[in-house]
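Contents: one structure, followed by commentary.
The values are calculated or read from the model by the stated rules, or taken from the named source; none is laboratory data. Keep in mind it's a predicted model, so treat the numbers as computed, not measured. Cβ placement follows ideal geometry from the backbone for every residue including glycine, while neighbour counts extend to all protein chains displayed.
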Amino acid sequence: MGRQRKSLLIILILIAVFLLPACAKQVNKGEDDNNSKDKIIVYATIYPMYDFTKNIGQDRIDLRMIIPPGSDPHDWEPTPKLMVDLEKADVLVYNGVGMEPWLEKVVNSLDNKDLILVHASEGIVLNRFDEQEEVHKPHEKHLGEYDPHVWLDPLRAMKQVENIKKGLQQADRANSEFYENNYQEYISKLTDLDREIALETSRFKKRQLVVTHAAFGYFAQRYGLEQIPIKGISSQEEPNAAKLVEIVKLLKEKNLNYIYLEKLADPRLSKVLAQEVKAKTAVLDPIGGVTEAEMKQGKDYLTLMRENLQVLKETIGE
């Protein structure tokens with residue numbers, strides 16, 4: 001009997017040795033699952049809202065971008081899958097000002113009554129389109145009467161970031177201080193960006209920007225420049241003949257050497273105009289639809305704004 005008890009004891013010890021690590025792993029796995037579940041699920045509509053939210057929420061949120069990388073936000077339409085996904089979301093961050101014309105219909109169809117909606121542009125002074133300017137009239141019915149490209153002005157972007165921070169704090173009060181600290185740090189980076197752009201643009205001798213579509217109004221206003229759009233507020237909108245004649249005349253009179261294209265917009269019309277006046281072309285990024293390749297390269301709002309600044313320094317600043 002002594003031997004049997006001893007053998008049984010050895011077997012029990014061996015079982016314990018092998019099972020305990022497995023149990024520990026199972027416990028840890030449960031803790032990881034709980035940590036994952038503890039994160040609030042946040043959706044952001046367009047890339048600038050996604051990047052701002054990422055900087056504030058960091059690893060305390062489960063962040064997803066609605067409009068896929070490389071898509072033009074002006075003509076994107078929601079999918080049935082989005083409706084299913086948003087039923088589980090805690091926060092939805094959107095730019096507003098008509099940038100997401102599909103949003104109201106989507107939200108009204110949801111059963112998710114606890115979803116916190118963060119209108120990032122709330123409380124921001126907006127630019128109103130001139131209703132007398134023919135080129136803008138067709139698109140006003142789609143986007144509204146205000147320019148939605150708010151994020152291209154770093155100071156207005158600061159207000160968007162503040163609104164996003166408040167939304168995350170409302171959804172996750174336990175991490176309120178964490179979001180506040182990240183907000184303060186990011187505001188410091190936006191302040192540095194604004195000062196850098198203001199200094200460099202103040203040296204430009206030419207002040208006009210001939211752009212593919214009217215996305216740079218807030219940027220131009222902030223830094224004392226003049227935006228001359230070939231198209232209206234949408235990159236899909238086509239100008240009329242009178243507008244094209246006016247732009248060609250202005251390019252010649254002001255001796256403007258560059259027309260600024262965009263990655264996601266059709267460049268053909270802009271290139272034809274450039275040939276007509278013997279101008280060059282360069283690329284300015286409205287940052288509304290960052291590509292997947294750029295995201296993999298680690299590019300973000302701050303780096304892309306500085307890339308735009310570098311383009312301007314090499315063209316209008318030359």
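The test for being surrounded by fewer than 20 Cβ atoms within 10 Å (Cβ to Cβ), at pLDDT 95 or above and outside the structural domain of residue 286 (by TED's automatic domain parsing) holds for residue 85.
So that you can scan it fast, the table gives a plain yes or no per residue for (1) in a loop (DSSP other than H, G, I, E, B); (2) at pLDDT 75 or above:
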| position | (1), (2) |
| --- | --- |
| 238 | yes, no |
| 250 | no, yes |
| 255 | yes, yes |
| 263 | yes, yes |
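Does residue 303 satisfy the criteria of being surrounded by fewer than 19 Cβ atoms within 10 Å (Cβ to Cβ) and touching a Leu at 6+ places or on another chain (Cβ under 7 Å)?
So residue 303 does not fit the description; no.
Listed by first and then second residue, the pairs with beta-carbon distance under 7 Å, at least 6 apart or on different chains, first residue in the stretch 199-215 and assigned by TED's automatic domain parsing to the domain that holds residue 269 and within 15 Å of residue 250 (Cα to Cα), second modelled with pLDDT of 90 or more and assigned to a loop (DSSP other than H, G, I, E, B), are 207/224; 207/225; 209/216; 209/225; 211/284.
Scanning the stretch 59-105 for residues that are more than 20 Å from residue 162 (Cβ to Cβ) and of a type in the set (Ser, Thr, Tyr) yields a count of 2. Looking only at the stretch 186-213, which residues are farther than 22 Å from residue 121 by Cβ and among the acidic types (Asp, Glu)? Scanning the stretch 186-213 gives 192, 196, 200. Beta carbons closer than 6 Å, at least 6 apart along the sequence or on distinct chains, pair a first residue in the stretch 69-88 that is polar (S, T, N, Q) with a second that is assigned to a loop (DSSP other than H, G, I, E, B) for 71/289. The residues of the stretch 92-132 that are farther than 22 Å from residue 217 by Cβ and in a loop (DSSP other than H, G, I, E, B), listed by number, are 102, 109, 110, 111, 112, 113, 114, 115. Can you say whether residue 273 is over 22 Å from residue 193 (Cα atoms), among the aliphatic types (A, V, I, L, M) and not in a loop (DSSP other than H, G, I, E, B), as far as the supplied structure shows? Yes, satisfied. Might you check whether a residue that is surrounded by fewer than 20 Cβ atoms within 10 Å (Cβ to Cβ), within 19 Å of the chain's Cα centre (by Cα) and either among the basic types (Lys, Arg) or at pLDDT below 95 (or both) occurs anywhere in the stretch 160-181? Yes. Filtering the stretch 41-66 down to residues that are hydrophobic (A, V, I, L, M, F, W, C) and surrounded by fewer than 23 Cβ atoms within 10 Å (Cβ to Cβ), which residue is farthest from residue 169 (Cα to Cα)? Selected residue: 65. Restricting attention to the stretch 182-216 and to residues that are of a type in the set (D, E, K, R) and outside any helix (DSSP H, G or I), the residue that is modelled with the highest pLDDT turns out to be 203. Scan the stretch 90-104 for residues that are in contact with a Leu (Cβ under 8 Å, 6 or more places away or on another chain) and among the β-branched types (Val, Ile, Thr) and the total you get is 2.
Determine whether residue 123 is exposed (fewer than 13 other Cβ atoms within 10 Å of the Cβ), touching a helix residue (DSSP H, G or I) at 6+ places or on another chain (Cβ under 9 Å) and either among the hydrophobic types (A, V, I, L, M, F, W, C) or more than 29 Å from residue 38 (Cβ to Cβ) (or both).
Details: exposed (fewer than 13 other Cβ atoms within 10 Å of the Cβ): yes; touching a helix residue (DSSP H, G or I) at 6+ places or on another chain (Cβ under 9 Å): yes; either among the hydrophobic types (A, V, I, L, M, F, W, C) or more than 29 Å from residue 38 (Cβ to Cβ) (or both): yes.
For residue 123, the condition - exposed (fewer than 13 other Cβ atoms within 10 Å of the Cβ), touching a helix residue (DSSP H, G or I) at 6+ places or on another chain (Cβ under 9 Å) and either among the hydrophobic types (A, V, I, L, M, F, W, C) or more than 29 Å from residue 38 (Cβ to Cβ) (or both) - is met.
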